[in-house]
Structures are given as C-alpha cells and as structure tokens.
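None of the figures in this text is laboratory data; all of them are computed from the coordinates on show. It should be emphasised that the depicted structure is a prediction, and the values quoted were computed from it without experimental measurement. Methodologically, a virtual Cβ is constructed for each residue, glycine included, from the backbone with ideal geometry; neighbour enumeration extends over all protein chains shown.
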Amino acid sequence: MKIRILTTGGTFNKVYFDAKSEFQVGATQVEELLQEANTDIECEISSILRKDSLDLGDEDRALIHRKIEQAPADRIIVIHGTDTMVDTGVHLQGIEGKTIVLTGSMQPARLRKSDAMFNLGCAVAAVQLLDAGVYIAMHGRIFDPASTRKNVKESRFEVTG
C-alpha cells in the first residue's frame, strides 16, 4: 500500500531564523522523521505549499483538493497548519474513494520537544486503517472535521457539540 504525503506548510515545517528572530515555513521534515522512526512504509512525499495555515485561502484549498483527486494513491496524508486544518478538512469532504488524514503539530518538527513525530505516526497508522473519508489525526485521537474545533487555550483539538 503506497501512501501519498502532501505537505502544505504550517508549524510542523517551521524553522527558526536567528537573524529575523522568528519562525518561517521551511522544507518539510517528513522524510527525516519517517527515517528516524525506522519505517519501511512506501511513501511518496510532495510539497505543494509552504504557508502558515492562517495564510491559506480558497485557491490554496482548491489546489489541495485537486492534488488529492489527481493522486493515483488512495491513501493520502496532508501535513497542514493547525489553525485552519478543520476548514481544509471540511473543504475536502466529498472526495470519493480516498482515505485522507490531515495532521500537523503545535511545535515545529525540528524542535526537541515537538508533537510532530507522534502526530505523523498516528496519521500513518490511521490512513492505513480507516475507511475512505476525511479525518484529522492529532495527539492520539482521530476526528471528523465536520464536528471538530481547535481549542487554542488548551492547544488541542476537541469534538464540538
């Protein structure tokens, strides 16, 4: 089973630039994390955007949607910023015949204390086990984007209603 991983940016891929004293979206760390975890899962990784999710618009979501529909794989992971992950997940609902799992992190993957590795691992397991549909995998839980929100105060996702 081949897994297609699309990266869009977000905190997961942020790097710190000393000269600017700020984080910016950089190259993805997905391949390094998978190697570090000693996986032998067949993955194809593509970077389609390098944006903070707060900067994603309708055109970006349409691009993500198109890339997923065009992908030959039926198992897709989308690395995405957490602030608008739910919006993108809702936008992707309705894509037929594919299992799509969005994940990200609250801390950049390059930091020693980051949830990126754990969330990526959960997404890799989820995309292999779940039926076709759109899901969010964060902090050991699987969510339906239609009934999920990010609790900024608690730095976690939760079911609404």
Seminar exercise, completed: If unit charges are put on Cβ atoms (+1 for Lys and Arg, -1 for Asp and Glu) and the dipole of the stretch 110-149 is taken about its Cα centre, the option from Ala132, Ser114, Phe143 lying farthest towards the positive end turns out to be Ser114
For this session: Using only the Cα atoms of the chain, build the gyration tensor, take square roots of its eigenvalues as a ≥ b ≥ c, and label the shape rounded, prolate or oblate: rounded if a/c is under 1.5, else prolate if a/b is larger than b/c, else oblate.
Result: rounded
Problem set entry | Phi to ³J(HN,Hα) by Karplus 6.51 cos²θ - 1.76 cosθ + 1.60 over the stretch 153-161, Hz, x for Gly, Pro | 4, 8, 6, 7, 9, 8, 6, 8, x
Exercise. Where in the stretch 84-107 does the label zone of Leu130 land, with the point 7 angstrom along Cα→C-beta and an amide N cut-off under 19 Å?
Worked result: 84-106
Exercise. How do 135-141, 67-73 rank on mean C-beta neighbours within 10 Å, highest first?
Worked result: 135-141, 67-73
Exercise. Given a Förster radius of 25 Å and the C-beta distance between Ala146 and Glu42 as r, what FRET efficiency does 1/(1 + (r/R0)^6) yield to the nearest 0.05?
Worked result: 0.25
Problem set entry | Residues with amide H under 5 Å from that of Ile45, placed H, sequence gap 5 or more | Ile5
Exercise. Between Met106 and His139, what length comes free when the chain is fully extended (0.36 nm per residue of separation minus the Cα-Cα distance, one decimal in nm)?
Worked result: 10.9 nm
Problem set entry | Beta bridge orientation in the chain: antiparallel %, DSSP, nearest 5 | 35
Problem set entry | Eligible aspartates and glutamates near Lys51 by straight Cα distance, threshold 14 Å, same-chain separation 8 or greater | Glu59, Asp60, Asp83
Seminar exercise, completed: If every Lys and Arg gets +1 and every Asp and Glu gets -1 at its Cβ, then about the Cα centre the stretch 58-140 yields a dipole, in debye to the nearest 20, of 420
For this session: Grab the Cα-Cα distance for Gln70 and Gln35, subtract it from 0.36 nm times how many residues apart they are, and report the gain in nm with one decimal.
Result: 9.9 nm
Exercise. Label Ile95 and Val159 with points 7 Å out from Cα along Cα→Cβ: what is the distance between them in nm?
Worked result: 2.5
Exercise. What is the stretch 24-118's relative contact order, in percent, from Cα pairs under 8 angstrom and six or more apart in sequence?
Worked result: 24
